[in-house]
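Participant: This structure is in structure tokens; I'll ask about it shortly.
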Amino acid sequence: MIRFEQVAVTYDGAPEPGLRGVDLTVPEGELTLLVGPSGAGKSTLLGTVSGLVPHFTGGTLHGRVTVAGRDTRTHPPRELADVVGTVGQDPLAHFVTDCVEDELAYGMESLGLPPAVMRRRVEETLDLLGLNDLRDRPLTSLSGGQQQRVAIGSVLTTHPKVLVLDEPTSALDPAAAEEVLAVLQRLVHDLGTTVLMAEHRLERVVQYADRVLLLPSPGAAPVLGTPAEIMAVSPVHPPVVSLGRLAGWSPLPLSVRDARRRAAPLRTRLAPAVPAAPTAPGPRAGAAAPAPYARAVGLGVRRDRAEVLRGVDLEVRPGETVALMGRNGAGKSTLLAALTGMLEPATGSVTVDGRVPHRTRPAEMVRRVGLVPQEPRDLLYADTVAAECAAADHDAGAEAGTCRALVRALLPDVPDDTHPRDLSEGQRLALALALVLTGRPGLLLLDEPTRGLDYAAKARLIEILRDLAAAGHAVVLATHDVELAAELAHRVVILAGGEIVADGPTAEVVVSSPAFAPQVAKVLAPDPWLTVTQVAQALTGNGPAPAADEALAADAPSAQDEAPGEDGRSPRPSPLRPGRTYRSGPDRAHRPGSRP
């Protein structure tokens, strides 16, 4: 279905090709998982299949890529739209309409499908992805995970022969991710759809892959093989594979089920040991407990006449790391926005460092609370990484070079003259985090901080956040990354329907929840182990071990990533609503790089 013939891609001004030596075939009706560290060229390779590289991104494509017999050098994206469906890392850049149902129908309109077919496929997709309750919602009112599901659904409605997905589960909660992966499995097994997918959260997807394509480093030739073969040599791998390597299992397990079948001897070895879990800071002997740095009491928040939060009671103390978890749309981002003062409570109260955020001047609050949003581009406005860092140092009153040092810690080898728009999603997030950390706010809020980060970058992020908590900063993470919560959080707070349904030590909360338990907890249950780090400490007896998968940091480079980003939006077509006739036509407006 997809044929690469000696493919290499060199971007303008780059000294070396960002992708080279790709000579392989992706067969029809298989799910091929693309893995590798950030900057290895994954998004570039995906772009060559959809035609975005080089028609939209620029650069030079050497060799040839054919999809269903069509040469992407001579067929721009619009001429591949009936064959290839593409979902990028940023769903907002993907959207061309205003509401959910319109977005699902737009691609079919552009292809000129009959209205009756369009209506049936929209309804099928709404049910497949659990979007029926959102059908009339404005896209901008959805959570990041809900937007991701809509973006995936908008390409599924066109029934493409090839699906190209760049981190499709990065913003989804565990349950929603399982639903999306189940849909992809059905498309592959029942309809023979060819799926080429890049994903950093391998713990979610590797067991479903027919083949794995490894890009080991920037410019290195890729390696194609079975999941077991590639995971045995890959510098990036999920916790269950790390556990298998640590325990000496062969072949390595790819799923929790495989690992549990072999875990009895490991449980016996671990029986005398006690897991070393993160402990929340407590008062010194004879001293009173530190007062909460941030507090919400009976907090209720309304958005567009809808009650998003109600009766929320939360305290966060200095030195404490709290993970907010829950399904998409549960109210996690809204709670963070209320703590920063961007939203005014409808009921109850919020205080941060003794101040009411929404009644305090932003210039005064910025040194007390900092937020890294889901869309890091909201914090980026300069033309280069160096300019962003210089502005952050000035705004925070920090010593020159402070922000650049933080960027270097998270993203080694990103040049100063790189435009933030040309960074990958993960790199932009790391840059935004560095900008906020420069001011060293007493309360640090992060919304999906590991979205787009590979395991090496995540390990570096964990160490930075640990150091901040140890220095007395309060940290609150809204995340779907159960492995991050298990590794870092002192407490886990689970939200559902705008209310707190669980609040307690990480080990107690996540182990009791099948949806939010990390892989190691599932493998070694009922014993209270959460992470590979804990197991390594117990087996070696050498004291604190590095963060899980930190060893990958030495192997996995983080150079400037893949294809440049995209800005700009298309005009909105005529609205569609239930009961109205869907319009169709081959000449509907088409934005380069978008769906058909």
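Participant: Excluding residues fewer than 8 places away in the same chain, name every one of the lysines whose C-alpha is closer than 22 Å to that of LYS458.
Facilitator: Of all the lysines, those that pass the test against LYS458 - Cα under 22 Å, at least 8 places apart if same chain - are LYS42, LYS332, LYS522.
Participant: Given 0.36 nm per residue, what is the gain on full extension from THR360 to TYR381 after removing their alpha carbon distance, in nm?
Facilitator: Numbers: separation 21, 0.36 × 21 = 7.56 nm, distance 2.45 nm.
Extra length available between THR360 and TYR381 comes to 5.1 nm.
Participant: If you don't mind, there's one more thing I want to ask. For region 312-402, what ratio Rg/Rh do Cα atoms give with a Kirkwood hydrodynamic radius?
Facilitator: Numbers: Rg = 15.3 Å, Rh = 15.3 Å.
With Rg and the Kirkwood Rh in hand, the quotient comes to 1.00.
Participant: Starting from the 7 Å offset along Cα-to-Cβ, what nm value, one decimal, do you get for the label separation of GLU124 and ASP12?
Facilitator: Reported label-point gap for GLU124 and ASP12 is 4.2 nm.
Participant: Now for a different question. Suppose R0 equals 45 Å; then what is the FRET efficiency for HIS394 and ALA525 from their Cβ-Cβ distance, rounded to the nearest 0.05?
Facilitator: Working: r = 51 Å, r/R0 = 1.13.
Efficiency, from the Cβ-Cβ distance: 0.35.
Participant: For THR226 and ALA471, calculate 0.36 nm times their separation in residues minus their Cα-Cα distance, and state this gained length in nm to one decimal.
Facilitator: Values: separation 245, 0.36 × 245 = 88.20 nm, distance 4.49 nm.
Separation in residues times 0.36 nm, less the Cα-Cα distance, equals 83.7 nm.
Participant: Not counting ligands, DNA or RNA, and with a 1.4 Å probe, what is CYS389's accessible surface area in Å² rounded to the nearest 10?
Facilitator: Here the residue's solvent-accessible area equals roughly 10 Å².
Participant: I need to check one value: relative contact order of region 466-522, counting alpha carbon pairs closer than 8 Å and at least 6 residues apart, in percent. Working shown, then result.
Facilitator: Working: 49 pairs, mean separation 14.2, N = 57.
For region 466-522, the relative contact order is 25 percent.
Participant: Which order do you get for ARG368, ARG305, ARG361, ARG428 if you rank them by accessible area with a 1.4 Å probe, largest at the top? All intermediate terms of the calculation are to be shown ahead of the outcome.
Facilitator: Numbers: ARG368 50, ARG305 215, ARG361 150, ARG428 20 Å².
The residues order as ARG305, ARG361, ARG368, ARG428, largest area first.
Participant: Also, quick follow-up: In terms of the Cα gyration tensor, with a ≥ b ≥ c the square roots of its eigenvalues, is region 384-446 rounded because a/c is under 1.5, prolate because a/b exceeds b/c, or oblate?
Facilitator: On the way: a/c = 1.90, a/b = 1.32, b/c = 1.44.
Oblate.
Participant: Please calculate how many Å² of accessible area region 376-423 carries per residue, with a 1.4 Å probe and no DNA, RNA or ligand atoms counted.
Facilitator: Numbers: 2450 Å² over 48 residues.
On a per-residue basis, region 376-423 sits at 51 Å².
Participant: A further question on this structure: Give the ranking of LYS458, LYS522 by solvent-accessible surface, highest area first, calculated with a 1.4 Å probe.
Facilitator: Details: LYS458 20, LYS522 80 Å².
Per-residue accessible area, sorted high to low, gives LYS522, LYS458.
Participant: How much mean residue ellipticity at 222 nm does the chain get from its helices, if each DSSP H run of length 4 or more adds -39500 (n - 2.57) and you divide by all residues, to the nearest 500 deg cm²/dmol?
Facilitator: Values: 23 runs with 202 residues, N = 596.
-9500 deg cm²/dmol, from helical runs alone.
Participant: Still on this structure: Against the empirical 2.2 N^0.38 Å scaling, what ratio does the C-alpha Rg of region 379-522 come to? Before the final figure, lay out the partial values.
Facilitator: Working: Rg = 16.5 Å, N = 144, 2.2 N^0.38 = 14.5 Å.
My calculation over the Cα atoms of region 379-522 gives 1.13.
Participant: Still on this structure, please answer the following. Ignoring ligands, DNA and RNA, what accessible area per residue does region 87-175 give at 1.4 Å, in Å²?
Facilitator: Working: 2420 Å² over 89 residues.
I get 27 Å² per residue for region 87-175.
Participant: Enter the mean projected area of the convex hull around the alpha-carbon atoms of the chain, in nm², rounded to one decimal.
Facilitator: Working: hull surface 106.4 nm².
Mean orientational projected area (the chain, Cα hull): 26.6 nm².
Participant: Using the Cα atoms of region 112-238 to build a convex hull, what is its mean projected area in square nanometres? Walk me through the numbers before you get to the answer.
Facilitator: Working: hull surface 37.5 nm².
The directionally averaged projection comes out at 9.4 nm².
Participant: Continuing with the same structure: What does region 158-298 give for Rg and for Dmax, in Å, if only its C-alpha atoms count?
Facilitator: 21.0, 68
Participant: Report the per residue volume, in Å³, of the convex hull enclosing the C-alpha atoms of region 167-227. Each step should come with its number before you reach the end.
Facilitator: Values: hull volume 5.5 nm³, N = 61.
Per residue, the Cα convex hull of region 167-227 comes to 90 Å³.
Participant: What figure in square angstrom, to the nearest 10, would you give for the accessible area of VAL297 with a 1.4 Å probe?
Facilitator: 70 Å²
Participant: Same structure again: Please tell me the relative contact order of region 164-239 in percent, rounded to the nearest whole number, where contacts are Cα pairs under 8 Å and at least six residues apart. Can you show the working numbers first?
Facilitator: Values: 71 pairs, mean separation 20.4, N = 76.
Normalised by residue count, the contact order of region 164-239 is 27 percent.
Participant: Can you compute 3J(HN,Hα) from phi for each residue in region 180-189, using the Karplus curve 6.51 cos²θ - 1.76 cosθ + 1.60 with θ = phi - 60°, rounded to whole Hz and x for Gly and Pro?
Facilitator: Once θ is set to phi - 60°, the couplings for region 180-189 become 5, 5, 5, 5, 4, 4, 5, 5, 5, 6 Hz.
Participant: Starting from 0.36 nm per residue, how many nanometres of slack lie between LEU191 and ARG269 once their C-alpha separation is accounted for? Intermediate values should be presented prior to the final figure.
Facilitator: On the way: separation 78, 0.36 × 78 = 28.08 nm, distance 4.60 nm.
In short, 23.5 nm is gained.
Participant: Taking every DSSP beta bridge with both residues inside the chain, roughly what % is antiparallel (nearest 5)?
Facilitator: Details: 37 of 71 bridges.
Taking every DSSP beta bridge with both residues in the chain, the antiparallel ones total about 50 percent.
Participant: Further question: Let me check something: with ligands and nucleic acids excluded, how do THR268, THR540 order by accessible area (1.4 Å probe), largest to smallest? Please report the intermediate quantities before stating the final value.
Facilitator: Working: THR268 100, THR540 75 Å².
Putting THR268, THR540 in descending order of accessible area: THR268, THR540.
Participant: Could you work out the relative contact order of the chain, using alpha carbon pairs under 8 angstrom and six or more residues apart, expressed as a whole percent?
Facilitator: Numbers: 1276 pairs, mean separation 117.8, N = 596.
Rounded, it is 20 percent for the chain.
Participant: Specify the angular offset, from 0 to 90 degrees and rounded to the nearest 10, of the alpha carbon long axis of helix 115-128 from the longest principal axis of the alpha carbons in the chain.
Facilitator: 30 degrees
Participant: Enter the angle in degrees (range 0 to 90, nearest 10) between the Cα long axis of helix 100-111 and the first principal axis of the Cα atoms of the chain, meaning the one along which they spread out most.
Facilitator: Once rounded, the angle reads 20 degrees.
Participant: Please identify the cysteines of the chain that lack any partner cysteine with a Cβ under 4.7 Å from their own Cβ.
Facilitator: Lone cysteines by the Cβ rule: CYS99.
Participant: Moving on to the next point. Any chance you could look up the accessible area of TYR11 with a 1.4 Å probe, heavy atoms only, rounded to 10 Å²?
Facilitator: Surface open to solvent at TYR11 totals about 40 Å².
The values are calculated or read from the model by the stated rules, or taken from the named source; none is laboratory data. All values derive from a computational prediction rather than experimental measurement. When we count neighbours, we look across all protein chains shown, and the Cβ atoms used for this are built from the backbone with ideal geometry, even at glycine. These area figures cover heavy atoms from the full protein model, side chains too; ligands, DNA and RNA do not enter into them. Shrake-Rupley method; radii C 1.70, N 1.55, O 1.52, S 1.80 Å.
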